[in-house]
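Just below is one structure, and these are the notes that go with it.
Just so you know, all these numbers are worked out from the coordinates, no wet-lab data involved. Please read these numbers as outputs of a predicted model, since none were measured by experiment. Don't worry about glycine lacking a Cβ; one is built from the backbone with ideal geometry, like all the others, and counts go over all protein chains shown.
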Amino acid sequence: MQLRREIDDKVGEGKKLIQMSITYCLLGEYTQGMENAESAKIAQSTENLSLIAASLMEMGIINYRLSQYPQVLDSYQQTLAVSRKNSDRFGEATTLNNLGLVYDSLGHQIEALDSYQQALGIFR
């Protein structure tokens with residue numbers, strides 16, 4: 001990763017930080033995972049929408065595992081907006097499905113069903 005910093009490869013650095021974040025989460029080290037996911041926001045300076053969405057999605061996943069649902073909703077809403085701006089239909093559908101899971105966890109079944117139906121419409 002040092003080489004990526006030296007050559008100012010912000011996209012490559014952001015991708016590696018997200019990969020590290022995922023690995024830390026698999027190890028149960030959510031704090032370190034979140035630090036890497038937040039650091040991956042470096043992608044915002046590159047305007048790489050796919051990387052920005054991936055960073056936001058990873059932050060949402062970590063917060064979901066920590067049952068921090070308001071933060072999850074915030075991350076996923078931002079991910080949804082970025083996916084739509086990027087015309088990433090798969091990312092949009094995946095995010096809508098994840099929003100449904102959060103709404104289910106909060107006991108908001110109407111919102112969950114709405115999110116699931118929107119995701120299903122895209123996946124079809």
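For this structure, a couple of remarks:
- Counting beta carbons within 10 Å around each of L26, L101, L96 and listing the fewest first gives the order L26, L101, L96.
- Degrees separating the helix 49-65 axis from the principal Cα axis of the chain, which is the longest one: 60 degrees
- Computed about the Cα centre, the dipole magnitude for the chain is approximately 240 debye when only Lys and Arg (+1) and Asp and Glu (-1) carry charge, each at its Cβ.
- Across I22, I110, I62, mean-square fluctuation computed from a Gaussian network of the chain (C-alpha pairs under 10 Å connected) peaks at I110.
- For the chain, the relative contact order comes to 17 percent (Cα pairs under 8 Å, sequence separation of at least 6).
- Length released on extending from K85 to Q32, taking residue separation times 0.36 nm less the Cα-Cα span: 16.1 nm
- A simple spin-label model places the labels of D9 and L66 3.0 nm from each other, with each point 7 Å out along Cα-to-Cβ.
- Rounded to the nearest 10 degrees, the angle from helix 109-123 to the longest Cα principal axis of the chain is 70 degrees.
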